[in-house]
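Q: First, the structure itself, so that you have it in front of you.
The values are calculated or read from the model by the stated rules, or taken from the named source; none is laboratory data. All of these numbers come straight from a predicted model, not from anything done at the bench. Every residue, glycine among them, receives a Cβ derived from its backbone with ideal geometry; neighbour counts consider all protein chains shown.
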Amino acid sequence: MTTSAVKIQKLSKSYNGSEALSNVDITILDGQFFGLLGPNGAGKSTTINILTGLVRKDSGNIAVFGKDIEKEYRFTRSQIGTAQQELSIDWFFPIEKLLQYQAGYYGISPKNAKERIEELLNRLGLWKKRKSRLRQLSGGMKRRYQIAKALVHDPKIIILDEPTAGVDVELRHELWDYLRQLHQQGKTILLTTHYIEEAELLCEYVSIIHKGKVITEGAPKNLISQLGKAGITVHLTKWDDTLPALLQSYSYTQNNSQLHFTVKDAETEISKIISLISKNGCQIQRVETTKSSLEDVFLSLTGRGINE
Ligand code: ADP
C-alpha cells in the first residue's frame, strides 16, 4: 500500500460567513507530484494555509504522514517546507543570514545549515547574491530565495503556492526543471497553480477546485481523455458526396474543403479518420489537430475557463 503524505478530509472554512472551502477531500501520496488547480479565489491558498498552520479550519481533518496537524504539529510542520506567494518582511538581513535563521527554527546545527545553504544558494543561482538584502534582489531571485527557504530543512513535502506566477519564461522553465529533480529525488510536491500548462506538464495527479469545492480529480491525461474534447481538421483537395456516409459515426462539420471533427482522443482517431476519408478517391491535403487540455475539463464542468 502506498502511504499518503497528506490526507485532507472534509475540510471546511468560512470567512465572515462566506464559504471559502466546503468539505474538501484531498489525498496526496508519498512522492507524488500533486497539483491543486483552480481559478483565483477557488480556495487553493486557504487549503495550503490551513495545512501549514497559518489559518484555522472550521471543521475537517488533516493528517501528514498519518499524524494530525494540530495534535502533532511539531512533527507535521517539520515534514513540510512552504514557498508562499507573498514574501515575509525580513528585508534587512543578507539572504544567507535569513536562511541560517530559518534553519535554526528547525533545529539544524549551524555547521549543517552552512553546508545546506551553500548547496541551495548554488543550485538556485543565488550564491553571488548571498550577501544581498531581499529588497536588492530581482523578482525572479526573490522567487528562488522563497524556494531555498522552503527547502532549507530538507522537508519531505514541498508546498509551492503559484511558484511561477509573474516570472519570465526562462525562469519558469528553470524552476520546472528544478521541481522535476526534487520529484525524482522522492520529494512529495504540492503545487497550486492557475497555469494549466504548468499543471499538465508537471503534475502526476491534480485536484481541480472551484468555489471551495473539489469538482474533479485524477491524472491530467485521464481527466482529459474522460472529459476533454480534441479537434481534428482535415483539409481536402478532392471530395465527393460519399463522405457523409463514410463519416456517419463521427461528429463533424464541413466547410467546403475543410472537415472539422470533435473527438475525445485525437491520437487514436486520426488514423481511422484519414483511412475512411481516403476511401472512394477523396484526397487529403493536410491534417491539423488541436489538443484538449485541463482547461477543457474545467470548462465542461463549470461552463467557464480557469483564467476567465
Ligand atoms: P485562491 O488561492 O484559489 O486564489 P483563496 O484561498 O485565496 O483562493 O480564497 C478563497 C476565498 O476565500 C476567496 O473568496 C477569498 O476572497 C476568500 N478569502 C481568502 N482569505 C481571506 C481572508 N483572510 N479574509 C476573508 N476572505 C478571505
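Q: Just one of (1) of a type outside the set (S, T, N, Q); (2) within 10 Å of the ligand (Cβ to nearest atom); (3) on the phi > 0 side of the Ramachandran plot; (4) not in a loop (DSSP other than H, G, I, E, B) trips up residue 36, so point out which.
A: Exception for residue 36: condition (3).
Q: Looking at (1) small (Gly, Ala, Ser); (2) in contact with a strand residue (DSSP E or B) (Cβ under 8 Å, 6 or more places away or on another chain); (3) surrounded by 13 or more Cβ atoms within 10 Å (Cβ to Cβ), which is the only condition residue 219 fails?
A: Checking residue 219 against (1) small (Gly, Ala, Ser); (2) in contact with a strand residue (DSSP E or B) (Cβ under 8 Å, 6 or more places away or on another chain); (3) surrounded by 13 or more Cβ atoms within 10 Å (Cβ to Cβ), the one that fails is (3).
Q: Can you name the residue in region 211-259 that is of a type in the set (Gly, Ala, Ser) and either in contact with a Pro (Cβ under 9 Å, 6 or more places away or on another chain) or at pLDDT 85 or above (or both) and, of all such residues, is nearest to residue 289 (Cα to Cα)?
A: Checked region 211-259; the qualifying residue nearest to residue 289 (Cα to Cα) is 231.
Q: Just for region 21-31: of the residues that are more than 16 Å from the ligand (Cβ to nearest atom) and surrounded by fewer than 21 Cβ atoms within 10 Å (Cβ to Cβ), which one is farthest from residue 9 (Cα to Cα)?
A: Filtering first and then ranking leaves 31.
Q: Taking only pairs six or more apart or across chains, which ones have beta-carbon atoms under 9 Å, a first residue in region 151-180 that is at positive phi, and a second residue that is in a helix (DSSP H, G or I) and among the polar types (S, T, N, Q)?
A: Sorted first by the residue in region 151-180, then by its partner, the pairs are 162/45.
Q: Going by the structure shown, is residue 163 at pLDDT below 90 and surrounded by 17 or more Cβ atoms within 10 Å (Cβ to Cβ)?
A: Taking the combined requirement at face value, the residue satisfies it.
Q: How many residues does region 24-52 contain that are touching a helix residue (DSSP H, G or I) at 6+ places or on another chain (Cβ under 6 Å) and without any contact (Cβ under 8 Å) to a residue 60 or more places away in the chain?
A: Residues that pass the stated criteria total 0.
Q: Go through region 267-289 and give me each residue that's surrounded by 14 or more Cβ atoms within 10 Å (Cβ to Cβ) and either under 21 Å from the mean Cα position of the chain (by Cα) or closer than 15 Å to residue 231 by Cβ (or both).
A: 269, 270, 273, 287, 289
Q: Something else about it: Among the residues of region 73-98, write down those that are over 26 Å from the mean Cα position of the chain (by Cα), at pLDDT 90 or above and surrounded by fewer than 16 Cβ atoms within 10 Å (Cβ to Cβ).
A: 74, 94, 97
Q: It is to be established whether one or more residues within region 104-127 are more than 24 Å from residue 80 (Cβ to Cβ), part of a helix (DSSP H, G or I), touching a helix residue (DSSP H, G or I) at 6+ places or on another chain (Cβ under 8 Å) and in contact (Cβ under 8 Å) with a residue 12 or more places away in the chain.
A: So far as region 104-127 goes, no, none of its residues is more than 24 Å from residue 80 (Cβ to Cβ), part of a helix (DSSP H, G or I), touching a helix residue (DSSP H, G or I) at 6+ places or on another chain (Cβ under 8 Å) and in contact (Cβ under 8 Å) with a residue 12 or more places away in the chain.
Q: Could you list, in sequence order, all residues of region 50-62 that are buried (at least 18 other Cβ atoms within 10 Å of the Cβ) and within 12 Å of the ligand (Cβ to nearest atom)?
A: Result: 50, 51.
Q: Now, a different point. Can you name the residue in region 32-43 that is of a type outside the set (A, V, I, L, M) and over 17 Å from residue 220 (Cα atoms) and is also surrounded by the most Cβ atoms within 10 Å (Cβ to Cβ) among such residues?
A: Among residues in region 32-43 that are of a type outside the set (A, V, I, L, M) and over 17 Å from residue 220 (Cα atoms), the one surrounded by the most Cβ atoms within 10 Å (Cβ to Cβ) is 43.
Q: Answer yes or no as to whether residue 303 is farther than 28 Å from residue 169 by Cβ and crowded, with 20+ Cβ neighbours inside 10 Å.
A: When the stated conditions are applied, residue 303 does not pass them.
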